[in-house]
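Everything below concerns the one structure shown next.
Taken together, the values in this text are just the output of simple stated rules run on the coordinates, not laboratory data. No experiment lies behind these values; they were computed from the predicted model shown. A quick note on method: Cβ atoms are made from the backbone with ideal geometry, for glycine too, and the neighbour counts reach across all protein chains shown.
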Amino acid sequence: MEEKTKPKADFLFEISWEVCNKVGGINTVIKSKAAKMIEHYNHNYCMIGPFFPSKTSEFEETLPREDIKKAFEELKKEGVTCHYGKWLIESKPQTILIDFPRDYNKINAIKWELWEKFKIDSLRAGYDYDEPLLWGYYVGKLLEKLSGLKKRVVAHFHEWLSGSAILYLKEKNVNIATVFTTHATVLGRTLASNNIDFYSIWDMINKNEEIYKFWVESKHLLESASANNADVFTTVSEITAMEAENFLNKKPDIISPNGLDIEKFPTFEEATIQHRKNREKIREFLLYYFFPYYSFDLENTLFYFLTGRHELRDKGIDIFISSLGRLNKILKQKRSNKTIVAFVWVPANIKGIKPELLENRTFFKDIKDIIDDETENIKHRIIYNIVSEKRISERKIFNKSDLLEIKKKVVRLKKEGLPPIITHELYDENDDILNKIKETKLKNSKEDRVKIIFYPIYLSGADGLLDLSYYEAIGGCHLGIFPSFYEPWGYTPLEASTLGISSITTDLAGFGRYIKNLPKSPKNPGIYIIKRFKKRDEEIIRELTKIMWDYTKLSKQDRIANRMEARRLASTADWKFFIKKYIEAHNLAIKRRFNY
């Protein structure tokens, strides 16, 4: 059993804009590790987030503890309502959600104070800065009132959105040890989104010019002040540590990687059973997606996928699509017997499902319903013909009327033209992912050995097409591909690998750099690492294409070996191993603040 690092803090507050408020990946971080935090701190652990009435379905409000009730009452006099209760995740951590007045006079006063004391320029800041700024200010006031709760209190803050609380505590010299974690720097994400390969030009970047050029000075300066004024500064990966040192002028004290609670996932054996089950559901979807137009061998088809935010460059979607175009040519040239169906599960602004797909699904369901109704009779007829050593034919399996009806419905299902490359109509007809697919000349023609499906909605399990949840969908595939350019950590390859699905990531992703340093099987690596650091796109596309092509040639046994290795590697990123880095950060903050 892993030996626990003993906390020195008597009480821990963990503060994030994403507590009970899913915005991005930090929500996954704090939810997935909550159980381990409680294991270390017991009832002396509490989360703090913002209160939004429309997002309280995961929050169960209760009467506040007596030792914090007085602080709530004092803040109430300032128009601030604090809600106390439980976050309705499995570990049910104590949670405080702060409902704060949107007072623009107060916002301006805070901005002026931060300029005077920390030189944070927020003259051009927008609402997406003002709202968390004000929330953080009241988080600071609440913590100030709770600072006497125990002798040694630590407050752990995530991202610039909670930064005003750190600076409040610093300015008021509140007796609380502070830890600040950045999961991605503001400037790094901004430059990456604008197609600037900053990894190759660290020394040439003028930070002050760039933050004003891209209108992110307020967020960047708040982030930098937080990193430099907290007792302890941490980040999530080696690559983001390099970024922070260059852009925030602060080297992280500790790297605290993001993990998963692996015990909450199915075992490899359970995942294998679910893989087969969900693979069959995907195959059924393909029967009405492609087969009205033409058919191919589903038994010899592999499913590749990419999922994530709609960021063509940052998420490597451009590299993925370009590589699929190359792979398509290779498969045709080599006369491979494999077909690849590549899913792009990336949400976009949709109007609705394409009418032709709804029609295909309806007609397909008609055929399936006849078969379902006759399943027992069909089974008996097959058994009878096998035992009687008679040749099995469709006329001996189906009665004449059913056969005629099925043929009519099959004719109705058939269509002219090509299968669509996207499942939904979009409001933006100039979508950059669609344009990239067209540029690559992937058309879903019969001759194409790589078929592509842009599926621009969240996988909810009830979307009217696949009807699979996120984990079910990726768990039914063969290979997850995440060639990210900007990925401070990267949960998607970790999640895929935990489900026993091989994946591809890069050395610009935090998770990729972590895996790169682990010993792994040379023949069946399970998780493939593409070199993107200071590499040209052409080199990256070439490497990714080769990995995808080589994967098509693997035997079933080798694919299983890869899946097992992927799961083994993912199991090393369990919170039971990574949580100690958080405890180390808290203990270091206690040492620096209280000399303990």
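Can you pull the semi-axes for the chain, root of five times each eigenvalue of the Cα gyration tensor, sorted largest first, whole Å?
49, 27, 24
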Tell me, how many Å apart are the Cα centres for the stretch 1-45 and for the stretch 181-199?
26 Å
Please arrange Tyr551, Tyr427 by counting, for each residue, the other beta carbons lying within 10 Å of its beta carbon, fewest first.
Tyr427, Tyr551
If you take the beta carbon distance between Ile371 and Lys55 as r and set R0 to 41 Å, what does 1/(1 + (r/R0)^6) give as a FRET efficiency, to the nearest 0.05?
0.40
Along the three principal axes, how long is the stretch 423-485 when you take its alpha carbons, biggest first, rounded to the nearest angstrom?
32, 31, 29
Below 8 Å between Cα atoms, with a sequence gap of 6+, how large is the relative contact order for the chain in percent?
17 percent
Given Cβ charges of +1 for Lys and Arg and -1 for Asp and Glu, the option among Pro355, Asn399, Leu413 whose Cα lies farthest towards the positive end of the dipole of the stretch 355-418 is Asn399
Can you flag which of Lys117/Lys576; Lys334/Lys556; Lys520/Lys580; Lys409/Lys441; Lys332/Lys438 are past 30 Å Cα-Cα?
Lys117/Lys576; Lys409/Lys441
Under 13 Å from a point placed 7 Å out from the Cα of Asp432 along the Cα-to-Cβ direction: which residues of the stretch 196-222 have their backbone N that close?
196-197
Given charges of +1 on the Cβ of Lys and Arg and -1 on the Cβ of Asp and Glu, with all other atoms neutral, how large is the dipole of the stretch 406-466 about its Cα centre, in debye to the nearest 20?
780 debye
Order of 66-73, 540-547 by packing, highest average Cβ count within 10 Å first?
540-547, 66-73
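Quick one: which of Lys354/Lys451; Lys277/Lys546; Lys365/Lys414 span more than 24 angstrom between C-alpha atoms?
Check vs 24 Å cut-off fails for Lys277/Lys546.
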The answer for the net charge of residues other than Ile474 whose Cβ lies under 14 angstrom from its Cβ, with Lys and Arg +1 and Asp and Glu -1, is +3
Using the 10 angstrom Cβ neighbour count as an exposure proxy, how do His43, His220 rank, fewest first?
His43, His220
Once Lys and Arg get +1 and Asp and Glu get -1 on their Cβ, which of Leu88, Tyr514, Tyr104 lies farthest toward the positive end of the dipole of the chain?
Tyr514
By Cβ neighbour count within 10 Å, fewest first, Ser388, Ser503, Ser336, Ser237 rank Ser388, Ser336, Ser237, Ser503
Just add up the charged neighbours of Tyr582: K/R +1, D/E -1, any other residue whose Cβ is under 11 Å from the Cβ of Tyr582.
+2
Using 0.36 nm per residue of separation minus the Cα-Cα distance, give me the extension gain between Asn175 and Asp103 in nm, one decimal.
23.1 nm
What size of dipole, in debye to the nearest 20, comes out for the chain about its Cα centre when the only charges are +1 on Lys and Arg C-beta atoms and -1 on Asp and Glu C-beta atoms?
1740 debye
Counting Lys and Arg as +1 and Asp and Glu as -1, each charge on the Cβ, what is the dipole of the stretch 355-418 about the Cα centre in debye, to the nearest 20?
320 debye
Treat the stretch 355-418 as a sphere of radius equal to its Kirkwood radius over Cα pairs and apply Stokes-Einstein at 10 °C in a medium of 1.306 mPa s; give the translational diffusion coefficient in µm²/s, rounded to a whole number.
121 µm²/s
If each K or R counts +1 and each D or E counts -1, the residues other than Asp67 whose Cβ falls under 14 Å of its Cβ total +2
So if each residue of separation counts as 0.36 nm, and I subtract the Cα-Cα distance between Lys70 and Glu280, what length gain in nm does that give?
69.8 nm
Between Glu447 and Tyr294, what is the label-point separation in nm under the 7 Å Cα-to-beta-carbon projection?
0.9 nm
Sum of -39500 (n - 2.57) over DSSP H runs of 4+, divided by residues of the chain (222 nm, nearest 500):
-15000 deg cm²/dmol
Where a Cα-Cα gap under 14 Å defines reach, which aspartates and glutamates qualify for Lys379, not counting those fewer than 8 residues away within the same chain?
Glu394
